[in-house]
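The values are calculated or read from the model by the stated rules, or taken from the named source; none is laboratory data. Values in this document were obtained by computation on a predicted structure and should not be read as measured data. Cβ atoms come from the backbone with ideal geometry, glycine included; neighbour counts cover every protein chain shown.
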Amino acid sequence: METVNCNLCRSSDYRKVYEMPDRKFFREDYFTIVECEACGLGFVNPRPTLREIQKYYPAKYYQNPPRKAMSATWIGDLAPRRVF
């Protein structure tokens, strides 16, 4: 994992918003979502490095049919998450 600055404004000031697991394959791995204090962009931080990211996209990831547009129900499926 690597800690990064905001992709939009390059600020290093951010606050933790919540953590959530990989929904599909690695439920034991939690990702931290932060919000940039300068511009409000939300992003994963720390994030997987280029070398690590392939773990989260195994071949079977691409075998599922595409989802329809996101709905409130689908968004609700993102739980469990820890809000800070």
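Screening the range 9-49 for strands (runs of 3 or more DSSP E) wholly inside it with 1 or more residues that are over 14 Å from the mean Cα position of the chain (by Cα) and either surrounded by 13 or more Cβ atoms within 10 Å (Cβ to Cβ) or aromatic (Phe, Trp, Tyr) (or both) returns the ranges 14-21, 30-36. Residues in the range 35-72 that are among the hydroxyl-bearing types (Ser, Thr, Tyr) and at pLDDT 80 or above: Thr49, Tyr56.
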